[in-house]
1. Could you say which residue among THR87, THR80 is more than 12 Å from the ligand (Cβ to nearest atom), part of a loop (DSSP other than H, G, I, E, B) and in contact with a helix residue (DSSP H, G or I) (Cβ under 6 Å, 6 or more places away or on another chain)?
2. Failed condition for GLY605, given (1) under 22 Å from the mean Cα position of the chain (by Cα); (2) closer than 28 Å to ALA328 by Cα, with all others met?
3. Free of Cβ contacts under 8 Å to residues at least 24 places away in the same chain, among the hydroxyl-bearing types (Ser, Thr, Tyr), surrounded by fewer than 20 Cβ atoms within 10 Å (Cβ to Cβ) and outside the structural domain of SER177 (by TED's automatic domain parsing): which single residue out of THR591, THR576 fits that description?
4. Criterion first (on the phi > 0 side of the Ramachandran plot and out of contact with any strand residue (DSSP E or B) (no Cβ under 9 Å at 6 or more places or on another chain)) does GLY533 satisfy it?
5. Search the range 102-134 for residues being surrounded by fewer than 24 Cβ atoms within 10 Å (Cβ to Cβ) and farther than 17 Å from CYS81 by Cα, and hand back the single one that is nearest to the ligand (Cβ to nearest atom).
6. Do you know which residues across the range 165-185 are within 14 Å of the ligand (Cβ to nearest atom) and touching a helix residue (DSSP H, G or I) at 6+ places or on another chain (Cβ under 9 Å)?
7. Could you pull out every one of the strands (runs of 3 or more DSSP E) wholly within the range 601-647 that has 1 or more residues that are of a type in the set (D, E, K, R) and at pLDDT below 95?
8. Output the residues belonging to the range 159-208 that are at pLDDT 95 or above and at positive phi.
Amino acid sequence: MTDPLRTAPAAAAAAAAEAVARLTLDEKAALATGASWWTTAAFPHADIPAFRLADGPHGLRLQNDERADHLGINGSAPATCFPPAVTLASTWDTDLAARVGSALGRESLAHGVHVLLGPGVNIKRSPLCGRNFEYYSEDPFLSGILGTAWVNGVQSQGVGTSLKHFAANNQESGRMSVSADIDTRTLHEIYLPAFRRVVTEAKPWTVMCAYNRINGVHSSENHWLLTELLRDTWGYEGVVVSDWGAVVDRARALAAGLDLEMPSSSGLGPARLLTAIASGELDEKILDTSATRIAALAHKATPQNPAHADHDRDAHHDLAHEVAVRGAVLLKNDGPLLPLDPAAGPHIAVLGEFARTPRYQGAGSSRVTPTRLDDALTAIAATAPAATVDFAPGFPVDDPDGDVAALRAEAVHTARNADVVLLFLGLPPSFESEGYDRDHIDLPSEQIELLRAVTAVNPNVAVVLANGGVVRLSDWIDAVPAVLEGWLLGQAGGSATADLLFGHANPSGRLTETVPLRLADTPAHLEWQGERGHARYGEGLFIGYRHYDARDMEVSYPFGHGLSYTTFAHTDLRVTQDDAGFDTTVKVTNTGSRAGHEVVQVYVGALDSEVLRPVRELKAFSAVSLRPGETRDITLRVAREDLAYFDIVDDAWLVEGADYRVEVGASSRDIRLATTITVEGDTYADVPDADSTIAAWRTHPVGGPAIDRLLERVRETMGDAYPQEGSPRYRMIADMRLSQLAKLPIVPLDFTDVDKLLAAVHTGPGRN
Ligand code: BGC
C-alpha cells in the first residue's frame, strides 16, 4: 500500500544522514543502543525521535518500562491474543496470516508501538524445542510464505516487524551460547530460506539476530550472516537489532553489521563503542552507517497514521476465532461421533481441566494478556442448550499436590452414563516455554491413565488436544475414535472448539509438522542439543518429512495431514512449463455434503540427482474453500529458482538439469496425482582449472569437448591399450588432475595444452 507518510527512499536516506551528521560521537554511540527496555534514544536537536518496540508475535505485549521483561514474567496491557504461529500456520492460509498481521499492526498503532517483534521463522528441528509454538513449521518453504504474508500484513499499517531469530535458533537449551554447527548446504536449504524469502519479498523493517552461535560465531558478531549474506547477497536495507541481551561485544557486533543493541545495556554498549573507536579498533564510519539506518527507521516509524489506529476489539476477537477454527487439525475421525449432534446425544461429559481453564498460548516473551477469554466448557453448554453437560477436571494441571486418583474416579463416574465424552487433554503450561526444551513428547501419564479409564467405561470419546509442540499419540490413539489437535487456539479457542465439535464449522487445519510414532524416530534425536556447547546438525537436510520419507518410516500423522467433515477429489493434473518455472493445475471437487477447505499441496522431487536430495519437498500450496459439489481449477505456480539446490563447490544455487516428479496431494503421504517433467539445467558450469580432474573438465561446455580432443590424441598414441569409456580403468584416468596427466612422460600432453585449455574456458561461458 502507498502511505502518504512514507518518504521516497533516497530522500529518506539523505534526511537520516543529515540528522546523524548533527550528532556528536557520544550521541551516535547512544543511538545504537536502546534507551530503555523497549525504546530507542531520542535526539530532538537532530530531529531523531525515539521509537518503541514490543513483542509479538501473536499479540501485543505492551509493558511499561518500569515493569518490563523479556521472559513473560510481568504483565502487559490487554491485547487480542491470536492463536500462536503453530496454529496460524496450520491454516496454510496466506490471506488469513496477512489479515492477522494487519490486525496486529492496528493494535500496535493504537498503543504507539512502532515495531512489533515477530515473526519467528525458525525451523522446528525437533518437537522438543520449547518454543515450537512460536514457529510455523518443519518446512522452510511454508515458513517463508506465511512469514512473508504476516510481515506484509503488519507493515501495511505503517508498523514495522522484526524477523527473528536470525538464524538457526532451533533449541532453547543453552540458547545464549550454544553453537549450531550446520554444514553449508543444510544452512542454505533448510535454516535460511524462510529468512531469505521474508527479507527479499516483504522487506521487514528490522531483522533480529539470534542468541546462539552458528558454527562457532555468535549470531550478533557474525559478519558473514549479518552483512555478507543479509545485506550484500539478499539486499537487505533495514535495521539489524539484537535479540534482547544477545550482544556479547558491542564493538565486534557493530563491525559485523548489528545496528541496534537492545535493550539498554546500562551505558556499557555505547562506552565500548567509544573505546573501540578511540583505539582505532573500530572505524567511526561503521557507526555512522548504523546510526543512519536507525535514524531512517525512526523517521519512517514515528509519524504513525492515526487514521489506522482505531480497532474494534470484538472484530479482532472474531478474527482470533476464525484463525482458531481454521487452524485446529482433525487428526482422526472414525465413525459417526464427530460432528456431534446435540439432539442425538443429550448427555455430554466434558472431562479435563483444559475445557474449563484453557491452555491457549505459550510462555515467555510472547505471552499476551488477552482482552477476553473463551473456554470450551461454557461454549459447549451454550452450543447444546438442550443437552445435559457434566464436567469433571479429571487430572491436576501443574499441581504436584493434586489428588490424581480422586480426580480420575470422579471423571470416570461422569463418563459412565454419558452419551458422549469430550476429553480435553494437553500439555500443562510448565511443559513448554521460551527458555527451555521438553525432554520427552508424552502427555503427562495421569492424562493417559485417565483416557484408558474413561474409554473402558465409554467408547464414545473424542479427544481435544491443547499443546504447542507435537505430542506422542501412538500409545493411546487407538483407544478413541476421534482426535482434534487444537494446538494453542488463542483467546477465542474455547468457542472455536465448540463450533468445530458440533459442526458449526468444518475442520480445515493441516499439520505443518510430522507427528512421529515416538521421539526416538525424530531426525535430530541422537544429536539434539549437542554436547560441550556444540549442537551438530548431523541429520543435515533431512528434517521433518524429508527425514521420514527418505528412510521410508512410518509416522503417526504425516506433514500436511488433516481431515474434514467433507471429502475432496483431485483430478486432471496439468503442468505447463515456461522459462521461469511451471504452473500446476488441478481440478478440486468437494465431494461431500458440507462446505469446507481443502489445502492443495504440490511437492517436487528431483529424480536421478547428482547430489543427495529429499524425496519430495513442498513447493506450492493453497487453501481452497469449496461449497458441496463445487469444482474449481486450482493453479499453483512453482518458480524455477525453488527447484535449485545449494551447490557447495560453487557456493551458489543451482537448478539441475533433470527429470522432476511433480506430486499433488492432500498431505505429503496422500499424493493423489503425479507426473514427471524435464527441466533444463542452468547452462553455466564449473570453470575448471589445472588441478581439476579430467571428469570435472568433461562437464564444462567448452572444456569438455576440448579435453575430449586432447584425450583423442592420447588414445591414438596408446592404441588398443587405451581404456574403454566407462570402464574401471577409464575411471582411473577420469579421476586424475589435468596437471597430473600433463606431467606424465608417456602421455602426449604438456603444459602448453593446459594453458590453451585454461584460455578456452576463461573466454567461454562460465558460472557466475
Ligand atoms: C526473545 C525474543 C523477544 C525478546 C524481547 C527474547 O527473550 O528471544 O523473541 O522478542 O526477548 O522480549
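1. Every option except THR80 fails the conditions.
2. GLY605 satisfies all of (1) under 22 Å from the mean Cα position of the chain (by Cα); (2) closer than 28 Å to ALA328 by Cα except (2).
3. THR576
4. No; evaluated as a whole, the condition is false for this residue.
5. Taking the candidates together, the pick is GLY130.
6. Listed by number, the residues that qualify are HIS165, PHE166, ALA167, ALA168, ASN169, ASN170.
7. Filter on the range 601-647 gives 645-647.
8. Correct list: ALA168, LYS203.
The values are calculated or read from the model by the stated rules, or taken from the named source; none is laboratory data. Predicted, not measured: the structure shown is a model, and the values here were computed from it. Note: ideal-geometry Cβ built from the backbone for every residue, glycine included; neighbour counts use all protein chains shown.
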